[in-house]
Amino acid sequence: MTTTTRPTVSRRISNALKQNRGRAAIIAALAFIFLSGLFTMDTGDWVITVLRGLAVGAITFLVASGLSLIFGLMDVLNLAHGELFMLGAYVGWTVYVRPDTFMDMALPVALALAVAFCAPFLAPIAGRLSLSVGASRVVGVVLGVIGFLGAVWAFRRFPLSIWDLEQFDKTPTSDSIALQQGVQTVPEPAAWTGSAVVAIVVLILGVLAIVAGFAVVRYRTRVPEPTNARNLIPIAAAVGAVVVLLAFGDPMTDWLYSISTTYRFFLALVVALAGGFALGALIEIALIRPLYDRPIYQLMMTLGLGFIVIELVREVWGRPEFSMPKPALFAGTGDGCPGEGLGGLFSGCSTVKFLDTRVRMYNEVFIITVGVIVLVIITLLIKRTRIGMIIRAGVQDREMVEALGVNVRRVFTMVFALGVGLAAFGGVIAGPALGLSPEMGSRVLLLALIAMAVGGLTSFPGAAAGAVLVGLLQQFVIKAGSTGIPLPWSDQPFQPSPSLVPVSVILLMIVVLLVVPEGLYGREE
Amino acid sequence: MTSFAPTRASLWSRYRLVAVALIAAVAFPFIVGLLSGQSPAAVLAGEAGNAKFLQGLAIEVFILALYALSYDLVLGVTGLLSFGHAMFFAVGAYASGIMLKSFGWPFWVTFIGVLVAAVVNALLFGLVLPRVKGIAFALVTLGLSSVFFIVVQSSELAKYTGADVGLQGAPVPEWIDTNVHRFRVYLITLAALTIAYLIYRAIVRAPTGAVLLANRENEERALSLGYNTFWFKLFALVVSSLTAGVAGFLWTVQQPIVTPQVAGLGWTVAALLMILIGGVGTLTGAIVGAAVFRLLEYYLERWFGGTAPVLVGASYIAIVLFLPYGIVGTWRARTVNRRQGLDRLRRLFGIRARRSQ
Amino acid sequence: MALLSLSEVNTFIDQYHILEGVDLAVGEGEIVALLGRNGAGKTTTLKTILGLTPAASGTIEFRGQSLTNRRPYEIAAGGIGYVPEHRAIFRDLTVEENLRIAEREKGDYAKRKDMILSLFPDLARLIELPGTKLSGGQQQMLAVGRALVPDNDLLLIDEPSEGLAPILIQQMMEAIKELSSDTTVLLVEQNFIVASRLASTYVIIEEGKSVHAGAMADLVDDDETIMRFLGAA
């Protein structure tokens, strides 16, 4: 029998200092780098560097937050997270620049969702079939393949007015330029190929077959969760959306083209968040869940998913990088611009004069604001709500949470969905500042991984702090690199090429992991 | 888990599979030659044709298998999740290129130099071993290899590495020129792979291997049994780095250009995919995985062109879902069931089941 | 009829055969002690009942309903509370949150707060503290208190006295005695004295099999059985 011994107060203080010596040293070193800039740079340069750093940090945070919540709660390192960020950016761009394409896509998607939401009602039927393992697999795969082929065939018969990658004046690039210059016209609406009814019916049957195949494999032996009336709500919502789209699709498209880009931008944000959430839930249920007892295969799964997303984007939107115009609210020029001081923030100008420098409203003010708002909302969610409580508890001990009668799997799905939703949302936020390219995902994933490692892999506040540190360090190194870093052993200042900049953040990560392997905010296990 | 219990079996039964595979591999170019109407002499002389082309593809598979094998020792056998394994390969590839081209070193000196560089590289990874475990080790190694990747790609070192474009024009002695002596290079890479495989198998079956496996299953327990797991892990890293370094060296020797791609995360992922496809910790799986990986990529690209990467991604997902322990791993797991099934079938036809030993 | 009954339960963890046929019955209102040496499979028995380590074969019935092929949360939500060994409370949650998280229906905590805090008065003054700041004994009380928040019919308590000072053991025993007035308890206990004072019946598990069961009163005088299955008493 042992009893816990209480260390004396002085021993505790010295222990705390000893334990946190590494952390303190790293934070002091970073603070020294950032503050020393104050003496070697102009105030304006310093301010703009800090703001840029915070903006990069904010975007990194939107990806890292989901990554760290998912990793913390379910031990899944989602290597597709960067690509889902990128996918969000492209989908957001479509809503923003080509609302007609988005509206055309919305109809089949809503229809498919309406059918997919019926899955809980199929599960009990699948359970009663009592097939053998082999038979259920064969039936499941056959149903899935047939359903997939049918759905693709039907989807191609739906009207879809889309850009053309082959003709330069019809590519996404020229769409962006047209919107930027305010000369965009509403494209001709597309028509159904053949009978609309056939296409709709085949799509419904196809998706139904996929869902049924999935249910047959999944619920062969397992007792399905009891179905309840709440499962009808999403079905009703999706059916409602289908009806509205069928009836008012074209006038809605015209209306979307007529409203200000600011509203369309916020619509793009909402679509990305909601779409990412739905996609995340789907990925977790269909692909991640079967692999919880084989973690390394989850890595491979998310990698494969990432490949597919990249190729999908290349295929649909093309390989070249293109820009996303800034929404009208942040693009004002002309009379009274740039705005001055704090009042200038609300002048609707694209830039504001502030502390001897010109700050871009979108890149430096809006992005940081969004980052802070998301941080506050997620923190409140984690600290104040029941699901947040379950997340915090589950990070430590999933089994015990489940033993209390909480359906942890459902919380997993929601957290995964939330993480993907945030990443997709982040993609739209990043779009107007960074432009769109199929490579944007892997770049931000590296930064987010580093932020996570620096802050502590499973710690949400750690991910936030890590993202800010990474963003700041990166921008300061870029700034210092452009003027040259004096080296003690050489007369010439060292001017690293831009490609060398990421080395600084990586070195930060290596140093942090070696000094405090559990990260700045982590706790030793 | 697969067990590697040492067996006292005859030489033949121990090396049966290896011997058969070797004979098949040596005969392969000639069979292809005969099928496409080339005489064995023409194949030996390295005349252009199907046989020569497929040998080229096979050489790549052998080198990739060597590389995958080295990752299997680190991840599959020892249980160290490294995300920087590409660096082991890339150090070999770049060091040999720079030594041959920029330093003008002779071929064999370069080879020794590559081995030294590989050991140094492994020691660098080993340096962080005591500090970080699990995913933190993965991230530190990812960091180290990313720094190497960025440095290799940077314009500062373009004189040596060729920056973005890659290192090209490393002088290779005529006797190992893959364009002239294709079959010889084929045999050399095949020999390298075979030797590496036999050494690895010996290591895994030796007491050292048992400690490595114990470390993978439960490091605490291995420690409590009195093994200083650090030295064993370092040993695995050094052996692995030497193998991957040799693979990189061979890559430089037979490829016209070494692109920075071989130092990137994608290359580590390739190693991970190969051993996951084949079966983690099975060694043979690494070789099978490398073949499937390269051939899948090549043929999907050839048949489907632009959409190939989507199909590659989809095949990975399918493999994960339907071959839960990789090709070799799933095969081994099912052999038992299949034997039982065959026995039942025999009984059905009134044949007495063969007595199993 | 028994509230909970296990028959011929077999459980594997990875390739290890941990439970090799466990039979036991817990009657309504009883305190049943699971006895046995270290590693005999007592904890696994509790985890198997909850579905945390699912049984490979055999039947587990709770209130006449089968629990096989059910997920742990469904089993727990059916009215089974679990107090794991090593005081698995949530360190990042405050004492109050540790209790609140166990709510199965809104208002559970408000309804039973007073009862729990009167059982463990220590917790009342720690209510705002995070789990990290609690001593071992306080953590154990919290773990028991947490299982009392929802309306449970059966409590599975694993080693409540482990690592506690004698005075705390005394307090813990009183608490268990008190709460057993309206709840059934299945108790794993290494400390035979504690077990014998609390439980009315016992089941001995030896190498994954239930080998002996009966009334506690008989076991206390049966030195031979105690020596054979439990070592020196």
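Laboratory data are not the source of any read-out in this text; all were calculated from the coordinates shown. It should be emphasised that the depicted structure is a prediction, and the values quoted were computed from it without experimental measurement. Note that each Cβ is placed from the backbone with ideal geometry, even for glycine, and that neighbours are counted across all protein chains shown.
Values as computed for the structure displayed
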read-out	value
Residues whose placed amide H lies under 5 Å from that of C:V188, excluding near-sequence neighbours	C:L34, C:I157, C:D158, C:E159
Positive-end residue of A:F322, A:W153, A:S176, charge dipole of the protein assembly as shown with Cβ unit charges	A:W153
Separation of alpha-carbon centers, segment B:127-191 and segment B:218-274, rounded to whole Å	12 Å
Convex hull (Cα only) mean projected area of the protein assembly as shown, reported in nm² to one decimal	53.7 nm²
Dipole magnitude of the protein assembly as shown, debye to nearest 20 (Cβ charges: Lys/Arg +1, Asp/Glu -1, about Cα centre)	2160 debye
Segment A:275-370, relative contact order [Cα under 8 Å, separation at least 6], %	14 percent
Cα point-scatterer Debye curve for segment C:2-230, base-10 log of I(q)/I(0) at q = 0.12, 0.13 Å⁻¹	-0.63, -0.75
Alpha-carbon centroids, segment C:39-67 and segment B:39-55: separation in whole Å	66 Å
P(r), alpha carbons of segment B:11-347 - 10 Å bins starting at zero, rounded %	6, 23, 33, 26, 10, 2, 0, 0
Sequence-separation-based contact order of segment B:76-189, relative, with Cα cut under 8 Å and 6+ spacing, percent	32 percent
Candidates C:L156, C:L119, C:L46: whichever shows maximal mean-square fluctuation once chain C is modelled as a Gaussian network with Cα springs under 10 Å	C:L119
Spin-label model distance (nm) - A:S132 vs B:Y299, 7 Å beyond Cα toward Cβ	3.0 nm
Cysteines not pairable in the protein assembly as shown (beta carbon separation under 4.7 Å absent)	A:C118
Residues listed by number, segment A:138-164, amide nitrogen under 11 Å from A:T193 label point at 7 Å toward C-beta	A:152-160
Environment charge of C:G21, counting only residues whose C-beta is closer than 14 Å and scoring Lys/Arg +1, Asp/Glu -1	-4
Two-site FRET efficiency, A:L149 against A:A286, from Cβ-Cβ distance with R₀ of 22 Å, rounded to 0.05	0.80
Alpha-carbon centroid distance for the pair segment A:477-525 / segment C:203-230, whole angstrom	65 Å
10 Å Cβ shell holding at most 14 others, DSSP loop, chymotrypsin sites (Phe, Trp or Tyr not before Pro): longest site-free stretch of chain B	B:104-348
Additional length obtainable on full extension of the chain from C:I193 to C:D218, 0.36 nm per residue less Cα span	7.6 nm
Computed over chain B: relative contact order in percent, which uses C-alpha pairs under 8 Å that are six or more apart	26 percent
Of C:K47/C:K111; C:K133/C:K209; A:K383/A:K479; A:K18/B:K133; A:K18/C:K47; C:K106/C:K133, those spanning more than 31 Å from alpha-carbon to alpha-carbon	C:K133/C:K209; A:K383/A:K479; A:K18/C:K47
Under Karplus coefficients 6.51, -1.76 and 1.60, residue-wise ³J(HN,Hα) of segment C:52-63 in Hz, glycine/proline x	6, 10, x, 6, 7, 8, x, 10, 10, 10, 10, 6
Computed magnitude of the charge dipole of chain A (debye, nearest 20; Cβ of K, R +1, Cβ of D, E -1)	1900 debye
Net lengthening on full extension, A:R230/A:Q495 (0.36 nm per residue, minus Cα-Cα)	89.3 nm
Net charge dipole size for segment A:290-388 [Lys, Arg +1 and Asp, Glu -1 on Cβ; Debye, nearest 20]	360 debye
Neighbour-limited loop hits for GluC sites (Glu not before Pro), segment C:60-124 (at most 15 other Cβ within 10 Å; DSSP other than H, G, I, E, B)	C:E105
3J(HN,Hα) from dihedral phi, segment A:51-64, Karplus parametrisation 6.51/-1.76/1.60, rounded to Hz, x for glycine, proline	5, 4, x, 5, 5, 4, x, 5, 5, 4, 4, 4, 7, 5
Computed label-point distance, nm, for sites A:R386 and A:R12 using a 7 Å Cα→Cβ extension	3.5 nm
Loop-located chymotrypsin sites (Phe, Trp or Tyr not before Pro) in segment A:480-525 whose Cβ has at most 15 other Cβ within 10 Å (DSSP)	A:W489
Of B:A122, B:L35, B:F62, farthest towards positive along the dipole that unit charges on Lys, Arg, Asp, Glu beta carbons give segment B:1-139	B:A122
Listed residue (C:T59, C:H212, C:L129) projecting farthest to the positive dipole end of segment C:2-230, Cβ model	C:L129
Separation of the C:H17 and C:E105 label points, Cα + 7 Å toward Cβ, nm	4.4 nm
